[in-house]
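Engineer: Once you've had a glance at the structure underneath, I'll fire off some questions.
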Amino acid sequence: MRIAQVAPLAESCPPKLYGGTERVAHFLTEELVKQGHDVTLFASGDSVTSARLVSCVPRALRLSSDVRDFTPYHVAMVEKVRQRLKDFDIVHFHIDMFHCPAIRTWSCPTLTTLHGRLDMPDLFPFYEVFRDVPLISISNDQRRPLPPVNWVDTVYHGLPPQLLPFNPHGGDYLVFLGRISPEKRPDRAIEIAVRSGLPLKIAAKIDRVDLDYWHGTIEPMVKAHPNIEYIGEVDEAGKAQLVGNAAALLFPIDWPEPFGLVMIEAMACGTPVIAWRNGSVPEVMDDGVTGRVVTTTEEAVHAIYEVLRLDRAVVRARFEERFTVTRMANDYVRLYEQLIKGSFLPGPPLERMAVPAVPLLDAA
């Protein structure tokens, strides 16, 4: 099969540090090549891939200090894809909405995986207009805010099994991994660690938009407690060591997380997760098996002592059953084949939840 993968340009594929969507697009691309498909990746020029790379910008946009608006670069990338349509059986987009007006005139079938939050009021009128575009959700919960649209399926993310090696023993500290932002609630993680008396290592990036939150809220908490350590961003090797050697990962989110890649990264290491019951968490987590799903800080503190007794080999086994890149790629190949043949039949829509009257925090 001749497949085009179209990745965001904010980060390279794979990203050097933080970058969930680009990481998933990279893993999927590499697995499709491994399975024998003819794959072309549209991405930044500093990407590293086994596929045929079409460079759409010289390097990841987040690394360019003179880039202010990512939109023109993504629109130009869509045009590059259009110019190559005869080379593909299907085009798989990971860039949200930039391509939607163009693809209605294309004869080549397309598929779009939505990687972000969808509970933003401004999205509703857009997807009312483009309700015919074939879409993939990364959790069932992610779908709920949208009007009836053309949902093809839900495909959970997957990781290469060897990426984060299993650690059967773990360690004696807690870890928070991802991004310093109000909706990720690192303040909750710090409170849990302080109340439990366990060390907490925070490995997270700080976007410019979150600098005030860092300086005003989180940095003072870090300085106030000797058992809290801020590490900064980590690469894949550093992540494997940090998460694999942890007693548990804290995922105390306060927003409708579309998937939460960090949960399955921890599971790959055998490290149990303590996560808040928001967004995709109940779908990704097996409560009492891969960790605990909680609703309060009190429950989270108590859950630490529960997850320390969990069998880390079972946590890893559940990852291998549900969240490998091979499973993810096989799911997508099945859908590609259905779309190419025109045999896709959508399932029943989920009940739509109310859209907030004011925009919520940006998930970027």
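Engineer: Spin-label point model (7 Å from Cα, Cβ direction): what's the MET1 to SER65 distance in nm?
Structural biologist: Here the modelled spin labels are 4.4 nm apart.
Engineer: Any chance you could get the radius of gyration and Dmax over the Cα atoms of the chain, in Å?
Structural biologist: 20.3, 61
Engineer: Could you tell me how many cubic angstrom of Cα convex hull volume the stretch 3-59 has per residue?
Structural biologist: On the way: hull volume 3.4 nm³, N = 57.
Output value, Cα hull per residue: 59 Å³.
Engineer: Now, a different point. Quick one: which residues, 5+ away or cross-chain, put their amide H under 5 Å from the amide H of LYS205? H built at 1.01 Å from N.
Structural biologist: Sorted by chain and number, the residues that satisfy this are GLY178, ARG179, ILE180.
Engineer: Same structure again: Of the listed peptides 268-276, 108-116, what is their order by residue-averaged count of other C-beta atoms within 10 Å, with the highest listed first?
Structural biologist: Details: 268-276: 27.1, 108-116: 21.2.
Highest mean packing first, the order is 268-276, 108-116.
Engineer: If I stretch the segment between GLN162 and VAL75 completely, what's the gain in nm (0.36 nm per residue apart, minus their alpha carbon distance), one decimal? Can you show the working numbers first?
Structural biologist: Values: separation 87, 0.36 × 87 = 31.32 nm, distance 3.53 nm.
So the extension gain works out to 27.8 nm.
Engineer: While we're on this one: Taking the Cα centre of each part, how many Å lie between the stretch 76-125 and the stretch 3-48?
Structural biologist: If we compute the Cα centre of each part, the gap is 16 Å.
Engineer: How large, in Å, is the stretch 174-321 by the Kirkwood hydrodynamic radius built from its alpha-carbon pairs? Intermediate results must be reported in sequence, preceding the final value.
Structural biologist: Details: mean 1/r = 0.0665 Å⁻¹.
Hydrodynamic radius (Kirkwood, Cα pairs) of the stretch 174-321 is 15.0 Å.
Engineer: When the expected Rg is taken as 2.2 N^0.38 Å, what fraction or multiple of it is the alpha-carbon Rg of the stretch 78-159? Kindly include the intermediate steps, with their values, before the conclusion.
Structural biologist: Details: Rg = 12.9 Å, N = 82, 2.2 N^0.38 = 11.7 Å.
Relative to the rule-of-thumb radius for its length, the stretch 78-159 sits at 1.10.
Engineer: Shifting gears a bit: Return the sequence-ordered ³J(HN,Hα) values of the stretch 164-178 in whole Hz as given by the Karplus equation 6.51 cos²θ - 1.76 cosθ + 1.60 applied to θ = phi - 60°, using x for Gly and Pro.
Structural biologist: Per residue, the Karplus-derived 3J(HN,Hα) values read 10, x, 5, 10, x, 10, x, x, 10, 10, 9, 9, 10, 10, x Hz.
Engineer: Between beta-carbons, use under 12 Å as the cut-off and find the net charge around TYR332, counting Lys and Arg +1, Asp and Glu -1. Intermediate results must be reported in sequence, preceding the final value.
Structural biologist: Working: positive: ARG327, ARG334; negative: GLU31, ASP153, ASP331, GLU337.
Result for the neighbourhood of TYR332: -2.
Engineer: I've got another one for you. Under the rule of -39500 (n - 2.57) per DSSP H run of 4 or more residues, summed and divided by the residues of the chain, what mean residue ellipticity at 222 nm is obtained, to the nearest 500 deg cm²/dmol?
Structural biologist: Numbers: 12 runs with 117 residues, N = 364.
It lands at -9500 deg cm²/dmol.
Engineer: Find the Rg to Rh ratio for the stretch 216-287, where Rh is the Kirkwood radius over alpha-carbon pairs and Rg uses the same atoms.
Structural biologist: Working: Rg = 13.4 Å, Rh = 13.6 Å.
Rg divided by Rh gives 0.99.
Engineer: Each residue of the stretch 336-341 in order: what ³J(HN,Hα) in whole Hz does its phi give by Karplus 6.51 cos²θ - 1.76 cosθ + 1.60, θ = phi - 60°, with x for Gly and Pro?
Structural biologist: 4, 4, 5, 5, 5, 7
Engineer: Right, next: Any idea how far apart LYS86 and GLU320 come out in nm if each label point goes 7 Å out from Cα toward Cβ?
Structural biologist: Label-label distance for LYS86 and GLU320, simple model: 4.7 nm.
Engineer: Continuing with the same structure: Residues of the stretch 231-272 with backbone nitrogen within less than 16 Å of a virtual label 7 Å along the Cα-to-Cβ line of GLU306, please, listed as ranges.
Structural biologist: Within reach of a label on GLU306, which here means backbone N under 16 Å from a point 7 Å along Cα→Cβ, the stretch 231-272 contributes 248-252, 272.
Engineer: Ok, one more. Would you work out which of THR113, SER55, PRO8 lies farthest towards the positive end of the dipole of the chain? Charges go on Cβ: Lys and Arg +1, Asp and Glu -1.
Structural biologist: Positive-end residue among those listed: SER55.
Engineer: A further question on this structure: Please determine, in degrees from 0 to 90 and to the nearest 10, the orientation of helix 71-83 with respect to the longest principal axis defined by the Cα atoms of the chain, where the helix direction is its Cα long axis.
Structural biologist: Value to nearest ten degrees: 40.
Engineer: OK, next. Would any residue of the stretch 14-48 have its amide N under 12 Å from a label point 7 Å out along Cα→Cβ of SER55? List them or say none.
Structural biologist: Answer for the stretch 14-48: 43-48.
Engineer: I need the peptides 40-52, 243-255 ranked by packing, meaning the mean over residues of other C-beta atoms within 10 angstrom, with the highest value on top. Let's see the in-between values first.
Structural biologist: Working: 40-52: 20.6, 243-255: 23.2.
Put in order of decreasing packing, that is 243-255, 40-52.
Engineer: Relative to the Cα centre, what is the charge dipole magnitude of the stretch 60-128, using +1 at the beta carbon of each Lys and Arg, -1 at the beta carbon of each Asp and Glu, and rounding to the nearest 20 debye? Don't skip to the answer; put the middle values down first.
Structural biologist: Values: 8 positive and 9 negative charges, 51 e Å.
Once rounded to the nearest 20, the dipole reads 240 debye.
Engineer: A follow-up question, please. Please list, by residue number, every one of the trypsin sites (Lys or Arg not before Pro) in the stretch 232-311 that is coil in DSSP and has at most 15 other beta-carbon atoms within 10 Å.
Structural biologist: On the way: sites: LYS239, ARG277, ARG292, ARG309; in loops: ARG277, ARG309.
Counting only loop positions with at most 15 other Cβ atoms within 10 Å, the trypsin sites (Lys or Arg not before Pro) in the stretch 232-311 are ARG277, ARG309.
Engineer: Starting from the amide H of GLY45, placed 1.01 Å from N in the peptide plane, find each other amide H under 5 Å away whose residue is 5 or more places distant or on another chain.
Structural biologist: It is CYS56, VAL57, ARG59, by chain and number.
Quick note: the coordinates plus some simple rules give every number you see, no bench work behind them. What you are looking at is a predicted structure, and each value in this text was computed from that prediction instead of being measured. Virtual Cβ from ideal backbone geometry, glycine too; neighbours counted across all protein chains shown.
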